[in-house]
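Here the structure comes first, spelled out in structure tokens, and everything after it is commentary.
The values are calculated or read from the model by the stated rules, or taken from the named source; none is laboratory data. This structure is a prediction, so every number in the text was calculated from the model and none was measured. Methodologically, a virtual Cβ is constructed for each residue, glycine included, from the backbone with ideal geometry; neighbour enumeration extends over all protein chains shown. Ligands, DNA and RNA are excluded from the accessible area calculation, which covers all protein heavy atoms including side chains. Shrake-Rupley method; radii C 1.70, N 1.55, O 1.52, S 1.80 Å.
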Amino acid sequence: MVIVLAAGASTRFGSPKQRVLLESVLDRVRSSSVPEVLVVLGAHDVETSAPTVHCPDWERGRGVSLHCGLAALPAETVAAVVVLADGPDLSPAAIDRVVAVWRESGAEIVAATYGGDRGHPVLLARPVWERVPDQGARSLPALLVPCDDLGSPGDVDSADDLPERFEPPPAE
């Protein structure tokens, strides 16, 4: 199962960036070997083609939103892949690579890297779910998987960061 974190307020973006980016990220997730997806919403209600869970405490941190998503997964789920809704260039192959390394290694946390920097996707095996702090899983040690050849998923913080294929949001 893939969890897409889309709970943030998008303050720097100026409007809910999830409305612009989320479906593109979902298309990329569904092109991977793990097409099942759950979107975690919080600050904004966003129409989406995927199942959602609302995280009422999203303001406490990304890890809190992640916990909302993890808690909503079926009991038989043994691991979850986490991606961000503001990473529109996510490569489906990065998801596949992280999952393959997890299957080979059995590591509790497997994370993609780009240029040596830890990024997404991140796979979390069920035994580590309760150890994720409110700030997110970045502080937990992970088996790192280079994905430089696949390109970074991107990080859209403001409308100026939008790739050209996206239309800027209307002014609010």
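Brief remarks on what is shown
- Failed condition for LEU70, given (1) more than 26 Å from ASP148 (Cβ to Cβ); (2) open to solvent by 60 Å² or more (accessible area, probe 1.4 Å); (3) touching a residue at least 12 places away in the same chain (Cβ under 8 Å): (2)
- Condition broken by SER65, with the remaining ones in (1) farther than 18 Å from HIS120 by Cβ; (2) open to solvent by less than 20 Å² (accessible area, probe 1.4 Å); (3) among the polar types (S, T, N, Q) satisfied: (1)
- Residue in segment 27-37 that is modelled with pLDDT of 85 or more, among the aliphatic types (A, V, I, L, M), surrounded by fewer than 22 Cβ atoms within 10 Å (Cβ to Cβ) and over 16 Å from VAL132 (Cβ atoms) present: yes
- Among the residues of segment 73-87, those that are more than 18 Å from ARG138 (Cβ to Cβ) and either crowded, with 23+ Cβ neighbours inside 10 Å or of a type outside the set (A, V, I, L, M, F, W, C) (or both) comprise PRO74, GLU76, THR77.
- Of the strands (runs of 3 or more DSSP E) contained entirely in segment 34-84, not one carries at least 2 residues that are at positive phi and of a type outside the set (Ser, Thr, Tyr).
- Qualifying residue in segment 47-58 (condition: more than 24 Å from LEU140 (Cα to Cα), at pLDDT below 95 and buried (at least 22 other Cβ atoms within 10 Å of the Cβ)): no
- Cβ-Cβ contacts under 8 Å between residues 6 or more apart (or on different chains), taken from a first residue in segment 124-142 that is assigned to a helix (DSSP H, G or I) to a second residue that is surrounded by fewer than 17 Cβ atoms within 10 Å (Cβ to Cβ) and basic (Lys, Arg), are listed as ARG138/ARG118.
- One residue stands out among those in segment 112-131 that are in contact with a strand residue (DSSP E or B) (Cβ under 7 Å, 6 or more places away or on another chain) and closer than 14 Å to ILE3 by Cβ: the one that is most open to solvent (accessible area, probe 1.4 Å), which is ARG126.
Condition check ((1) at pLDDT 95 or above; (2) touching a Ser or Thr at 6+ places or on another chain (Cβ under 8 Å); (3) among the aliphatic types (A, V, I, L, M); (4) not in a helix (DSSP H, G or I)) across all residues:
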position	(1), (2), (3), (4)
ARG103	yes, no, no, no
ALA112	yes, no, yes, yes
PRO121	yes, no, no, yes
ASP160	no, no, no, no
PHE166	no, yes, no, yes
